[in-house]
Amino acid sequence: MNPPDLQRSPGLHIDEGGPVFRAPWEAHAFGLALALYERGAFTWQEWAATLGAEIAAATEVTSDGRDDGSRYYEHWLAALERLVTDKRLATARELLAYRQAWDHAARSTPHGKPIVLAEDRRDD
Amino acid sequence: MSDHDHDHDHDGHDHADGSRFSDVELRVKALETLLTRKGLVDPATIDRLVETYETRIGPRNGARVVARAWADPAYKVRLLQDATAAIAELGYTGLQGEHMVAVENTPQIHNLVVCTLCSCYPWPVLGLPPVWYKSYAYRSKAVIDPRGVLAEFGLTLGPDVEVRVWDSTAEIRYLVLPERPAGSAGLDEDALAELVSRDSMIGVTRARNPGARS
C-alpha cells in the first residue's frame, strides 16, 4: 500500500507514531483538565461542550482549513481557562496575576537556573 | 542579600540573559500553580495522569480487543452486543471509555469514525487521538466525502460497499472491528494483534495482511 497522499487535502496530515504531546505544556494542560474532572469540578459533557465551542470558534477564524489539529491543545487550554472561571475555581484576575508573576520570575532568572515562583507572591 | 554584591540579583530587575516562557506556557503555569495553592489539584496527580496516557494507554489495547474478537467467536458476539463490558473483560476501562460501541467491517459494510464536534475518542483502547483526527479537514470531510477521505489513506472501496460514518460524542465512542485479513488463519492472538493498526480501528485503513511491513 502506498503512503496516503494527504497533501491533496489542505491541513490533513498524519502523525503515525509521533509523540502524544509535542511540548510539556500540552501534557500539563491535559493532566490539569483530567485532574479537575476526577475531583468532580465539572462533568465530561461540560468539558466536551466547552472544548467543542472553543474549536468551533477557532475554526470560524481559520475557515480556509488551517486548523490542522496542531493547535488542538491551544483550544484545550482556552477551554480549561473558560471552565475554571465559569465554575469560579479561580478568577480571570487571579490567573492574570499568576501569569505575570511567572513571567517576571522567568525574566529575572538567568539561563540554566531553575525558575521558581516566590512562595508569598499574592495577587491582592 | 548581605552576602551578595551583584546588583542584578535583586528581585524586580530583568536579567539580560533572563529566561522566557511562551504565552501558552505562562497560562498553563498560572493555572497549575493557582489551582494547586487553592488545593484544587495535586501536581502528583497531574504527573500520574500524563504518565498513564503517555506510556500505558494506547492502540495496543484496542489491538488486543480486535485480536480476541477474531480468535474467539463468543467474545466477538459479546463485543458487538455490549462493547463496554467486553472491553472491560480485558481490563481496559476509564475515561472516554464508559460507553463503547463496536462496529464490524464486512465485505459489504465499511465503518469510519469521526468526531465532528471536537475529538471525542475511545482513550482506553486507542490512547489519545492523532493530530489528523483533530483537524478541521478530517472532521468536516469524513462526513461529507468519506470515500474521498478513505482514498487519501490509500483505501479505495468498491461502489457496492456501504460506508457508514459514526460521529462520536461525549456519551458514545466507537471502535471499528476491522475485517480479519486473508491468510491469518493459523495465527495466535499475539500475532493477530500485530496486524491491527490504530488507523484500522478508526476505520481509515484495513488491518495489515500477514507478511506486510507495518
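The values are calculated or read from the model by the stated rules, or taken from the named source; none is laboratory data. Here the structure is a predicted model, which means the values were calculated and not measured. Cβ atoms come from the backbone with ideal geometry, glycine included; neighbour counts cover every protein chain shown.
Condition check for B:S135 on (1) without any contact (Cβ under 8 Å) to a residue 60 or more places away in the chain; (2) crowded, with 21+ Cβ neighbours inside 10 Å; (3) more than 8 Å from chain A (Cβ to nearest Cβ): one failure, at (3).
Quick one: which of A:L77, A:L34 is touching a Lys or Arg at 6+ places or on another chain (Cβ under 9 Å), at pLDDT 90 or above and facing chain B (nearest Cβ under 7 Å)?
A:L77
Exactly one residue among B:A63, B:A85, B:A102, B:A67 is closer than 30 Å to A:H28 by Cβ, in contact with a helix residue (DSSP H, G or I) (Cβ under 9 Å, 6 or more places away or on another chain), in the same structural domain as B:T169 (by TED's automatic domain parsing) and not in a loop (DSSP other than H, G, I, E, B), and that residue is B:A63. Taking B:D160, is it more than 8 Å from every other protein chain (Cβ to nearest Cβ), of a type in the set (D, E) and closer than 25 Å to B:A88 by Cα? Spelling it out, it is not the case that B:D160 is more than 8 Å from every other protein chain (Cβ to nearest Cβ), of a type in the set (D, E) and closer than 25 Å to B:A88 by Cα. Got at least one residue in the range B:61-83 being closer than 30 Å to A:A53 by Cα, among the aromatic types (F, W, Y) and surrounded by fewer than 23 Cβ atoms within 10 Å (Cβ to Cβ)? Scanning the range B:61-83 turns up no residue that is closer than 30 Å to A:A53 by Cα, among the aromatic types (F, W, Y) and surrounded by fewer than 23 Cβ atoms within 10 Å (Cβ to Cβ). Is the range B:85-101 home to any residue that is of a type in the set (D, E, K, R), crowded, with 18+ Cβ neighbours inside 10 Å and within 14 Å of chain A (Cβ to nearest Cβ)? No: zero hits.
Output the number of residues of the range B:34-53 satisfying the condition of being more than 15 Å from A:A27 (Cα to Cα), touching a Leu at 6+ places or on another chain (Cβ under 8 Å) and part of a helix (DSSP H, G or I). Within the range B:34-53, residues that are more than 15 Å from A:A27 (Cα to Cα), touching a Leu at 6+ places or on another chain (Cβ under 8 Å) and part of a helix (DSSP H, G or I) number 2.
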